[in-house]
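Take a look at the structure below.
Throughout, read-outs are computed from the coordinates displayed, never taken from laboratory work. Given the structure is predicted, the values throughout are model-derived calculations rather than measurements. Glycine gets a Cβ as well: all are built from the backbone with ideal geometry, and neighbour counts include every protein chain shown.
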Amino acid sequence: MKAACEGLLYIFEEHSDCSRKIENIREKCKPRTSCANMFGEKNCGRDLIIERCSKEEWVGFRNSMIKLMTVADPMCDLDQYRKL
């Protein structure tokens, strides 16, 4: 539960400036809340966040989403996302 709270805290507090820059990420990348497509088709959310915010923002967002997914779907192979 601590991991989920830390992940949400980052997304709502640390990532808020970047969030405004990538508001259209859902329509462009179609991310899902499932393990199979967490960052959108071909992980396009990664490229969009790096392009409009920074690589550091991407790493923080990715790590937060990984923390959340460990709670939401413990069977998810998260190693595929740690390498992005």
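In segment 37-84, of all residues being of a type in the set (Gly, Ala, Ser) and more than 13 Å from the chain's Cα centre (by Cα), the one that is nearest to residue 17 (Cα to Cα) corresponds to 54. For first residues located in segment 16-29 and touching a residue at least 24 places away in the same chain (Cβ under 8 Å) and assigned to a helix (DSSP H, G or I), partners that are of a type in the set (Asp, Glu) and surrounded by 14 or more Cβ atoms within 10 Å (Cβ to Cβ) and lie 6+ apart or on another chain with Cβ distances below 7 Å form the pairs 18/57. The residues of segment 35-69 that are in contact with a Phe, Trp or Tyr (Cβ under 6 Å, 6 or more places away or on another chain), farther than 15 Å from residue 82 by Cα and either surrounded by 18 or more Cβ atoms within 10 Å (Cβ to Cβ) or touching a residue at least 60 places away in the same chain (Cβ under 8 Å) (or both) amount to a single one, 49.
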